[in-house]
Amino acid sequence: MGKHGDIEAGASNNNNVLYPYMIESPELRWGFIRKVYTIVSLQLLFTAGFASFFIFFPPAKNFALYNDYRLFVFFGAVIVTFILLFVLSKYYNKHPLNLFLLGLYTLGMSVTIGFACAFAKAMIVLEAAFLTGVVVASLTLYTFWAVKRGSDFSFLGPFLFASLMVMLLFAMIQIFFPLGPIGRMVFAGIGALVMCGFIVYDTCDLIKRYTYDDYIWAAISIYGDIVNLFMYLLTLLNDL
């Protein structure tokens, strides 16, 4: 039997113990998945701690609400985060530079999350965090179950990309023509649904398509889906 036949046989054997269409051993794939979720967990813990600083530490909360330089800091963090995301797309597999860039990216995202939490009551932030955890856990478990049964969610890619572009354009329009509470709720509700789609799509990629060296980019994708879902849910609950 040739090399192609050996690969098919290996994939067939793996189908019995892991997920369809995987060539590498289940141990290697599960090791990769654990590594990604460990990184994501550390990112989320850092972000939660940073956000708590803006919620429960009055000087930080007052800075985000009233300081004359708050907009400069907020938009500076947003711009730097986008720049770091672009740089990471080029160097996500260059160790240890990728870990340094990932740390800066997580810090930038944490600043934006912290500023958003400063404008909401602590109970609303906790409710948004709880709902985010329930949704992420449910969709993740569902995706693992569905992929094991042979499902593939790659077809969601074009629809999610188009939805994201429309939402980004709509968000830019809001800068000049702000929406009222009802409009923000509708926008946040649609955004939350789109992020749910991204969680399923990126989890499917995590299981089936990422290579072992792509752990940083996989972590960025999952982490970004989670924090953006939290932001949309926070906006939705804050306007109720």
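The values are calculated or read from the model by the stated rules, or taken from the named source; none is laboratory data. These figures come from a predicted structure and were not determined experimentally. Note: ideal-geometry Cβ built from the backbone for every residue, glycine included; neighbour counts use all protein chains shown.
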Considering only the stretch 117-149, state which residues are more than 13 Å from Met231 (Cα to Cα) and either surrounded by 14 or more Cβ atoms within 10 Å (Cβ to Cβ) or in contact with a strand residue (DSSP E or B) (Cβ under 6 Å, 6 or more places away or on another chain) (or both).
Val135, Val136, Leu139, Thr140, Tyr142, Thr143, Phe144, Ala146, Val147
Within the stretch 63-72, can one find any residue that is part of a helix (DSSP H, G or I), touching a Lys or Arg at 6+ places or on another chain (Cβ under 7 Å) and surrounded by 12 or more Cβ atoms within 10 Å (Cβ to Cβ)?
yes
When you scan the stretch 199-208, do you find a residue that is buried (at least 20 other Cβ atoms within 10 Å of the Cβ), out of contact with any Leu (no Cβ under 9 Å at 6 or more places or on another chain), without any contact (Cβ under 8 Å) to a residue 60 or more places away in the chain and of a type in the set (Asp, Glu), even just one?
yes
Lone qualifier among Gly114, Gly103 - being buried (at least 19 other Cβ atoms within 10 Å of the Cβ) and either at pLDDT below 90 or closer than 16 Å to Thr47 by Cα (or both)
Gly114
Does Phe32 satisfy the condition of being surrounded by 15 or more Cβ atoms within 10 Å (Cβ to Cβ) and at pLDDT 85 or above?
yes
For Met165, which of the numbered conditions (1) in contact with a Lys or Arg (Cβ under 8 Å, 6 or more places away or on another chain); (2) in a helix (DSSP H, G or I) fails to hold?
(1)
